[in-house]
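Structure record follows, encoded as structure tokens.
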Amino acid sequence: MGALRMVILGRQGSGKGTQSVRVAERFGCVHISTGDVLRAAVAEGTDLGRQAQEVMDAGMLVGDDIMNGIVAQRIAKDDISDDGVLLDGFPRTADQAEALEGMLADLGQELTVAINLDVPVEEVTKRMMDRGRSDDTEEAIARRLALYEEQTAPLLDWFSQRDLLVTVDGLGDEQAVFTRLEEAIHSRLP
């Protein structure tokens, strides 16, 4: 079985953070969330890390050029070459997906699968409301989800056109969802 190189997509509240941890444990790959990789680059004080810090300090989103560079540096490290990777929160756009494809190709690797953990908008809204965070008003949640749809629809098309996309039903208890994810991943492993 080759090392798993996977992207997980899903609306906020779909449970992808929880499931990503389980998938990484089960398949022995490195779980990387966008936030983690950014924080690590800032902590390491790399050029890109310093640039990212300046952008974030200014209250702006880190652009593709910096983000792609940080991810490229991270996935070139030995642990990922050996064990594979589960990317959570990257890529966010088709442009980033193109960049990721190039980064992996440079390393002689390719993506195994992109999984869309699908939970309906009504359900993720309910889950986020139930968490009771102060910034989780119904309007704020609706805005975040609308932005996600707008950004992610072209990304789902991008993966679909390359026959990499598998949609997994994210409803049900954690174990049932994990079993579905496991089956979807196994169906794509060489």
* Restricting attention to segment 14-58, and to residues there that are in contact with an Asp or Glu (Cβ under 8 Å, 6 or more places away or on another chain) and in a loop (DSSP other than H, G, I, E, B), which single residue is farthest from Leu155 (Cα to Cα)? -> Gly28
* Structure fact -> Note on segment 108-140: residues assigned to a loop (DSSP other than H, G, I, E, B) and charged (D, E, K, R) are Glu110, Arg133, Asp135, Asp136
* Asked: What single numbered condition from (1) free of Cβ contacts under 8 Å to residues at least 40 places away in the same chain; (2) under 23 Å from Asp78 (Cβ atoms); (3) of a type outside the set (Phe, Trp, Tyr) fails to hold for Gln53?
  -> (2)
* **Options Met67, Met6, Met56; residue that is out of contact with any Pro (no Cβ under 6 Å at 6 or more places or on another chain) and surrounded by fewer than 17 Cβ atoms within 10 Å (Cβ to Cβ)** => Met56
* From the residues in segment 140-168 that are modelled with pLDDT of 95 or more and surrounded by fewer than 14 Cβ atoms within 10 Å (Cβ to Cβ), which one is nearest to the chain's Cα centre (by Cα)? -> Asp157
* Asked: Taking segment 82-97, which residues are in contact (Cβ under 8 Å) with a residue 60 or more places away in the chain, outside any loop (DSSP other than H, G, I, E, B) and surrounded by 14 or more Cβ atoms within 10 Å (Cβ to Cβ)?
  -> Asp83, Gly84, Val85, Leu86, Leu87, Asp88, Ala94, Ala97
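The values are calculated or read from the model by the stated rules, or taken from the named source; none is laboratory data. Since the structure is predicted, the reported quantities are computational estimates derived from the model, not experimental observations. So basically every Cβ, Gly included, is an ideal-geometry build from the backbone, and we count neighbours across all protein chains shown.
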